[in-house]
Amino acid sequence: MRWKGRRISTNVEDRRGGGRAKAGGFSILGVVVAFVAWKFFGIDPQQAYRATQAVTSSQSAQEGSAPKQMTAEQQEASQFIGTVLADTEDVWTPIFQQMGVSYTPPRLVLFSGVVNSGCGTAQAAMGPFYCPADQKVYIDTSFFRDMRQQMGISGEQNQTELSRQDQVGDFAQAYVIAHEVGHHIQNLLGISGQVQQARAQASKTQGNQLSVRLELQADCLAGIWAHQNQQRTQFLEQGDIEEAMDAAQKIGDDYLQKRATGQVVPDSFTHGSSEQRMHWFQLGLKSGDVNQCDTFK
């Protein structure tokens with residue numbers, strides 16, 4: 001993937017200088033409960049935000065800040081993520097203009113370990129996520145290291161982490177960022193709010209199905225971004241699409257469940273199967289048409 005030399009977004013917050021919430025146990029419990037209520041039970045994230053706003057604001061002064069002396073790997077990751085985020089801004093701004101509305105880009109927060117968001121406290125183990133309450137994407141860059149290893153890149157090879165990122169997995173990482181920005185698009189268009197309202201009135205199985213449709217649409221929107229960005233910058237290289245397909249396969253619910261327990265329970269899916277995730281990303285990539293991303297039909 002060709003990414004160096006392009007604009008780097010200014011909408012990046014680097015909180016990797018510590019990343020540990022140091023507030024008392026009662027406050028942490030409150031924000032964790034609020035986050036779980038939003039993530040798993042469909043409670044309006046704005047309500048979760050209001051319920052935890054006082055807690056998170058009191059903790060914000062204790063959040064980790066950007067490392068004073070970043071390693072070459074940290075600098076590279078920051079520049080890469082900032083470039084991909086800028087690309088999403090440059091793609092979605094004109095698309096929204098064609099729809100007759102203005103695009104407000106999300107901010108992207110880099111963190112290490114633990115982070116306080118408008119949706120509560122989150123840990124790196126949760127993976128990248130988008131919080132609609134504060135309209136921010138949160139990423140622990142160690143997720144990308146783990147993802148590269150899952151794609152068959154061994155940390156024992158005689159290459160630096162920096163050079164491995166250049167060679168393998170960069171477009172798969174960009175796909176993950178574009179997917180989370182896809183959730184921001186859904187939030188701006190009111191889709192996320194409608195789904196949350198529907199989930200609150202649905203059974204658990206029905207709620208999971210709605211969550212799957214939302215996630216698959218974000219995959220399709222990530223494909224739209226890749227299509228449009230290729231038209232703009234010719235950034236794709238040989239093997240990039242295969243990387244994204246490999247990533248989509250390995251974050252499918254069936255793949256993850258089988259790997260974790262040896263069993264697949266479709267009614268518990270929240271993001272979609274590997275086949276579904278690959279299909280919807282490819283549909284967006286090939287068509288470049290937002291109208292093709294209606295996963296709710």
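A few points about this structure:
- Globularity ratio of the range 85-153, using Cα Rg and 2.2 N^0.38 Å: 1.34
- Derived scalar couplings ³J(HN,Hα) [the range 201-213; Karplus, 6.51 cos²θ - 1.76 cosθ + 1.60; whole Hz; x for Gly, Pro]: 9, 9, 6, 4, 5, 5, x, 4, 4, 5, 4, 4, 4
- Value of relative contact order over the range 195-297, rounded to a whole percent, pairs C-alpha under 8 Å and six or more apart: 42
- R0 of 35 Å, Cβ-Cβ distance Asp289-Ala125: FRET efficiency to nearest 0.05: 0.45
- Spin-label model distance (nm) - Val101 vs Gln201, 7 Å beyond Cα toward Cβ: 2.1
- The HN-Hα couplings worked out from phi for the range 133-143 by the Karplus form 6.51 cos²θ - 1.76 cosθ + 1.60 (θ = phi - 60°) are 5, 10, 6, 10, 9, 10, 9, 8, 5, 5, 4 Hz, whole numbers, x standing for Gly and Pro.
- Rounded to the nearest Hz, the phi-derived 3J(HN,Hα) couplings of the range 97-114 under the Karplus curve 6.51 cos²θ - 1.76 cosθ + 1.60 (θ = phi - 60°) are 4, 5, 8, x, 10, 9, 9, 9, x, x, 9, 10, 9, 8, 9, 10, x, 9, where x marks glycine and proline.
- Backbone amide hydrogens, once placed in the peptide plane, bring Thr121 within less than 5 Å of Val32, Phe35, excluding anything fewer than 5 places away on its chain.
- Within straight-line cross-link reach of Lys297, aspartates and glutamates at Cα separation under 20 Å, skipping those fewer than 8 residues along the same chain: Glu215, Asp219, Asp267, Glu275, Asp289
Read the figures in this text as sums done on the coordinates, not as results from a lab. Because the structure is a prediction, the values reported are computed rather than measured. Cβ sites come from the backbone with ideal geometry, for glycine too, and all protein chains shown count toward neighbours.
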